[in-house]
Structure formats: C-alpha cells, structure tokens
Amino acid sequence: MIYIKFAVSLFILILSYCGNSPVVNNGTGTDIGEAKIFGSVQYADNRNADNVSVIVRKQDYVPYSVAPQNHNKTVSTNNGTFSLEHITPGYHLVELYTRDSLVAMKRVYISDKDTALNIGNCILDTMIPYTGKIYSDETPLTGGNLLVLGLDKKIKVNNDGFFTIRLPAGEQLFRIIPSNQTGSQDVFVDKKISGDTLRTYATTATMFDDFSTRDGFNCLSPLLGGGSWFAFVDQANRGNTQILPTEQPGLVAAMDTSSDSYDGSSLHCIFQIDSLSAAPYALIGCDISGSKDANTSKSWFDLSKMTAFSFMAKGSGTILVQFTCKPVGTLTVFTIYEIPVELSSQWKKYSITPSDIPAAITSTSELTVQWSDGNIAVSNINFLANRDTDLWLDNIMFEGMSTGDFLK
C-alpha cells in the first residue's frame with residue numbers, strides 16, 4: 001500500500017504545481033535588491049486622477065506598533081499614473097489620497113527577485129464607516145484596542161465588544177489587543193461587509209478558512225495572494241471516481257448555506273470512489289498562497305510554531321488530512337504527511353497536534369522523515385479519501401500561530 005500511496009501523492013503534487021507561473025514584472029529597479037512600484041489611478045467614472053498623494057508603507061507586524069514614518073515613500077500622480085523607486089523586499093501597503101477624502105489602497109508583496117511591480121489600476125473611493133463586534137471565544141471582548149496595521153489608526157473597544165472606525169475601501173488587517181495586553185490576534189476584514197463579528201481565541205490562532213465568503217479562496221489569500229481550493233480524482237488512472245459538487249473552480253459549488261452547515265456556511269463534498277481503479281482516491285485541497293514557484297519563500301510556509309491543526313467536521317467515512325512539504329534531506333520529490341480522521345455524524349472539533357503526525361510517506365523505506373524535519377516549508381493542505389466519504393468542513397485553523405507568522 002505504501003507504493004500506491006506514494007504514487008498517488010506524487011501525481012497530486014505534479015498536478016498541483018503545473019499551474020501558471022507567478023507574474024513576471026517588467027521594468028528595472030534602481031538598485032540591486034530594490035524594486036519599482038508603478039500603476040494608474042482613476043475616479044469611479046474612469047477619469048484619470050491627478051494630484052493624488054501615493055504613499056507606500058512598509059508593513060510592520062510587531063505587536064502594538066505601526067510602521068515607522070521613515071519606512072514610507074510618497075509621490076503624486078501625473079496624468080493618472082505614478083511610480084516609486086527604491087522599494088525594498090517585503091509586504092507593503094499602497095495608499096492613495098485626495099483632498100476630497102477619496103481614497104484607495106492595495107497590499108502588495110515584493111520578493112528579492114522583483115525589479116518592478118505593476119499594481120494595475122486603482123479606483124478612488126470614499127472613506128466608509130466600519131462597525132463590528134469582537135468576541136473572545138464566545139464572550140464579548142471587554143475593553144481593549146483595535147489596531148489597523150499599516151495605518152496610524154488605533155481605537156478603543158467598548159465594554160460590549162463594539163467598535164466603529166472610518167477606513168478606506170478594500171481589505172484591511174486588524175490587530176485585536178485585549179485590555180490585559182497578554183496577547184494579540186490578527187484578523188482580515190473586507191470592509192464591504194459592515195457589522196462583521198471578529199473573534200479572538202484563548203490561544204493564538206489563525207483562521208485558514210471559515211467558508212464565510214463564496215469566492216473559493218482561503219482567509220489568508222488577501223494577504224498572501226491566491227490560495228484557492230482545488231480537487232483531484234483518479235480519472236487519470238482510468239477510474240470513475242468523482243467529487244460532488246465540483247463543477248465550478250475553487251469548490252464554490254460545494255459551499256453549503258443550508259441549516260446543516262456549522263455557522264451559516266460550510267464546505268460539503270461527497271467523494272464517490274471507484275474501487276476498481278488501480279489506485280482509487282479523491283481529494284480536495286487548498287494552497288496556502290497562490291504562488292506556484294517552488295523556489296520562492298512565498299510558496300512555502302513555516303508551521304513549526306503550530307501547536308495544533310484544527311477544524312470542525314462531520315460526515316461519514318475516513319478522511320486523510322495531508323500536509324505537502326518541500327523535499328527533505330536526500331529526497332527529490334515533495335514530502336507528504338498524512339493523518340487519518342474518522343468522521344462523526346455530528347459536528348465535532350478535530351485537533352491534530354504535532355505528536356499526532358506520523359513519519360512522512362517517502363519513496364524509500366530507508367529514510368524516515370519526521371514532522372519536525374519538514375514543517376518549516378509547507379505549501380498546501382489536502383483532505384483525501386480512498387473510500388466513499390461524505391465530508392462537511394468548517395473553521396480550519398492553525399493554532400499557536402498568528403497571521404504575522406505567515407509573513408516571515
């Protein structure tokens with residue numbers, strides 16, 4: 001069975017890394033190790049916007065702080081375009097302001113190989129109020145602060161957990177700081193949705209996906225770029241296995257908002273396995289980021305701080321949770337760690353701790369690769385079945401890790 005599992009895993013990985021390459025940037029940076037950011041700015045009626053202040057802020061993820069002013073670069077638009085040079089590698093927030101309080105922003109990533117990055121067309125919009133409520137586990141947060149990372153904004157949360165703030169349009173990264181200052185948690189929000197419920201947890205944790213948006217991407221995708229859901233079956237081995245429903249990219253059709261869902265919206269997939277196939281399997285999975293370049297740090301993420309990989313699930317059958325990692329040691333193919341989970345008919349929280357993760361599936365029985373050997377470079381998470389399985393999935397989390405840990 002080991003060689004069949006390995007063949008299946010290798011086939012999965014070949015498919016998952018045969019996507020499009022990352023965008024190749026045009027232009028030349030001014031110095032080695034630096035890049036140029038450029039783009040265009042328009043009003044909502046498609047007119048070019050002049051005299052717009054463009055600020056590029058180096059993102060700072062140190063708890064309780066905002067980016068120093070000397071990390072910012074500013075320029076004005078000319079004929080609706082702008083260009084800023086000497087941008088160092090890392091995550092940056094591009095903010096655009098006018099005297100009429102029209103704003104736009106984009107979060108971008110500059111790798112050490114980039115020389116120029118075209119962020120495209122930015123549409124100016126008005127500042128909008130954003131309201132929400134923060135819970136600590138299931139209880140409203142009593143006091144504390146809400147920090148908008150990358151912006152010089154920090155507000156107090158009232159004793160019922162409510163807050164109101166005016167912000168530019170677009171995604172924003174909040175840091176929730178409890179009043180006792182014992183820890184903080186980072187939460188992404190889309191300010192098109194006012195009145196969001198933000199949640200903190202007793203221990204540091206990052207939500208990978210709660211399936212609250214029907215877009216096919218995980219919750220980290222606004223920050224890391226891409227990170228979409230996918231499905232593979234054994235039809236390449238002349239089998240008739242299928243996953244229902246998967247007729248739309250990103251498993252969008254599998255987002256279930258019925259009363260059977262866990263918290264308003266869950267992922268529901270039915271695995272129909274052809275047992276006559278040479279190596280029957282079906283899987284759904286999600287890349288942590290959208291990068292398909294196996295040589296860049298943006299494709300691999302360090303999970304060594306993870307204390308548990310948890311998720312809510314129900315259904316019937318056994319699902320195999322897989323972590324796909326970089327080759328370890330003398331291995332020349334990707335490393336797969338696989339943990340079986342028996343599903344309950346009722347919603348239940350499952351937690352996989354590092355001690356639960358067995359040695360990896362490898363091409364040779366002579367090499368034993370433990371989780372501690374491969375956990376510093378993980379690219380995607382899979383849920384695989386080799387028998388008929390009904391899977392409901394929700395609230396997938398990396399416990400012990402903050403959002404900032406994925407930016408290192």
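Just so it is clear, none of the values below were taken in a lab; they were calculated from the coordinates. Since the model is a prediction, treat every value here as computed from it, not as a measurement. Glycine also receives a Cβ, built like all others from the backbone with ideal geometry; neighbour counts cover every protein chain displayed.
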Fill in: Packing-based order for 84-95, 346-357, using average beta carbon neighbours within 10 Å, highest first
84-95, 346-357
Item to complete: Please go through the residue pairs 305/349; 58/113; 326/348; 326/349 and name each one whose alpha carbons sit more than 24 Å apart in this structure.
Response: 326/348; 326/349
Fill in: Linear extension gain, residue 213 paired with residue 356, 0.36 nm per residue minus alpha-carbon span
48.4 nm
Worksheet item: Along segment 351-360, what does the Karplus equation 6.51 cos²θ - 1.76 cosθ + 1.60 (θ = phi - 60°) give for ³J(HN,Hα), rounded to whole Hz, x for Gly and Pro?
Response: 10, 10, 8, x, 5, 7, 8, x, 4, 6
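Taking neighbour counts of Cβ atoms within 10 Å as a proxy for exposure, in what order, fewest first, do 384, 124 appear?
Ranked by crowding around the Cβ, least crowded first: 124, 384.
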